[in-house]
1. Using Cβ counts within 10 Å as a stand-in for footprinting exposure, how do 271, 284 rank, fewest first?
2. List 198, 83, 350, 180 from most exposed to least, where exposure is judged by having the fewest other Cβ atoms within 10 Å.
3. Go ahead and estimate [θ] at 222 nm for the chain from helices alone: -39,500 (n - 2.57) per DSSP H run with n ≥ 4, summed, over the residue count, rounded to 500.
4. Sort 305, 364 so the one with the fewest other Cβ atoms within 10 Å of its own Cβ comes first.
5. Would you kindly state how much longer the chain becomes between residue 14 and residue 115 on full extension, computed as 0.36 nm times their sequence separation minus their alpha carbon distance, in nm to one decimal?
6. GluC sites (Glu not before Pro) within the range 1-54: which are DSSP loop residues with at most 15 other Cβ atoms inside 10 Å?
7. Just the number: Rg to Rh for the range 233-358, Cα atoms, Kirkwood Rh, two decimals.
8. Normalising by the residue count of the chain, find the relative contact order in percent from Cα pairs under 8 Å and 6+ residues apart.
Amino acid sequence: MKKRINRLFVIISVVAIVLSIGLVAAVYHSLFRKQMMSDLKEYADLLKELRWDEGAEEPEYFETMKDMEIRLTLVSPGGEVLYDNKADITQLKNHLDRPEIREALNSGEGQTVRNSETLASNTFYYALRLEDGSVLRVARNADSMVSMFTSVFPTILWIFAALILLSLGLAHFLTEKLLYPISKMAENMDSEISTADYEELIPFINTIQKQHQDIIKNARMRQEFTANVSHELKTPLTSISGYAELIETGMASETDIVRFAHGIRSSADRLLTLINDIIRLSELDGSEKEPVFELLNLREVAESCAENLRRNAEKSEVTLKVCGEDCRVQGDRQMVEELIYNLCDNAIRYNNAGGSVTVSTNICKSPEEGRKVGSVILSVQDTGIGIPKEHQDRIFERFYRVDKSRSKSTGGTGLGLAIVKHIVEKLGATIELESEPGRGTEIRVIFPEAKGI
Ligand code: ADP
């Protein structure tokens with residue numbers, strides 16, 4: 001960009017310099033011609049006033065005129081040359097064919113500029129009709145435009161070179177000045193950028209800055225995630241290694257070995273669950289696993305999920321029921337099942353003995369709370385421990401847990417709601433959370449109305 005702008009500045013300068021030199025030369029030349037003609041006219045007028053033609057028996061000053069730069073010619077009304085201070089009049093032909101003479105005879109005055117054969121000089125002629133009808137012609141030679149140009153060419157070349165050098169420096173300076181705010185912006189992507197210099201760049205800068213912040217945020221999240229994953233994997237692996245070491249020493253009794261083996265198994269199970277969740281999350285994160293949309297009856301899917309979790313609910317002494325109406329949604333069956341499963345699983349795990357979990361499916365009938373009529377609401381409501389206000393915004397983050405020990409003791413990985421959030425986004429749905437510590441939690445997923453029904 002810098003090079004391009006610089007090159008453009010140089011091209012503009014060179015074109016401007018060449019054009020200016022050409023134009024100045026042309027204007028100067030035209031002024032010069034005008035001045036020359038007016039000088040000749042003045043001269044002729046003066047001679048006319050002097051009435052030098054009267055009794056022109058070779059006045060004395062005729063002789064002095066021979067050395068003058070100006071050529072004087074006196075032509076009779078018939079075209080015959082009566083006098084010429086530069087040429088032998090006997091050698092001169094009739095001058096009636098000369099345009100300036102003809103013009104002067106017709107209208108009183110005439111003028112012409114004739115080029116020499118070599119184009120090296122021009123001759124300026126001014127002719128004036130005198131009172132007796134004869135014509136006085138004054139003429140003068142001058143360098144032509146071409147020869148004038150050739151004579152001043154070296155000077156022009158020097159000026160040209162100096163101007164080019166100046167414009168190169170100026171182009172460099174201006175390019176730097178022009179690009180300075182942009183390079184300054186590039187250096188300070190993180191801080192508030194002053195866009196006063198280039199108003200037109202504001203939308204461009206805003207987009208870049210947003211992308212830049214997203215990149216930084218993503219990198220930080222990835223780093224945190226890697227650190228969290230390593231930490232989460234370390235705990236079960238350490239206990240597996242510890243149990244194995246105890247068995248290895250041969251000091252453990254038979255009953256201990258069974259106990260240790262159980263410990264190894266549950267740690268290995270935990271590792272598997274964790275790894276499965278991590279894999280699932282990375283699948284949902286990327287774009288390789290896009291949802292396969294089909295028409296689903298949400299109530300049926302909810303019932304089958306509840307069936308799978310019934311044993312867990314019974315173990316935790318929690319009643320699990322599904323109610324509501326048949327609702328059709330467009331979604332990926334596996335994703336919708338996973339979503340309902342994770343929500344119900346949490347509702348059971350973070351419940352109290354004797355509590356309940358209610359899954360309901362309903363079609364939105366009135367446009368309340370910004371929901372569209374026809375959209376489908378899946379609600380998972382529990383009478384569990386609830387989530388304090390300050391944690392509510394963060395529980396959808398990876399590995400974020402309100403009560404770490406409870407989560408771990410109930411087999412939680414801290415990734416369930418992160419998976420839910422991803423699925424909700426993929427399905428084009430939205431999620432709402434309402435919770436009060438000690439009273440329970442309700443999580444609602446709002447699906448858009450299924451089309452084509
Ligand atoms: P976990 O595997 O720990 O359950 P989740 O991502 O599913 O991870 O949930 C994150 C945290 O949100 C949980 O650790 C828990 O503290 C809280 N949480 C989720 N669902 C509920 C609920 N229904 N009631 C109370 N707390 C909940």
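Each reported figure results from applying straightforward, stated rules to the coordinates on display, with no laboratory input. Model, not experiment: these values are computed from the prediction. Because the Cβ atoms are built from the backbone with ideal geometry, glycine has one as well, and the counts that use them run over all protein chains shown.
1. Details: 271 16, 284 20.
Ranked by crowding around the Cβ, least crowded first: 271, 284.
2. Final ranking by Cβ density, sparse to dense: 180, 198, 83, 350.
3. Details: 11 runs with 242 residues, N = 453.
After summing the helix terms and dividing by residue count, I get -18500 deg cm²/dmol.
4. Details: 305 24, 364 18.
Least crowded to most crowded, the residues run 364, 305.
5. Working: separation 101, 0.36 × 101 = 36.36 nm, distance 3.19 nm.
That pair, residue 14 and residue 115, stretches by 33.2 nm at full extension.
6. On the way: sites: 42, 49, 54; in loops: 54.
Qualifying residues, ordered by number: 54.
7. Numbers: Rg = 19.8 Å, Rh = 17.6 Å.
Rg/Rh for the range 233-358 comes to 1.12.
8. Details: 600 pairs, mean separation 42.3, N = 453.
Result for the chain is 9 percent.
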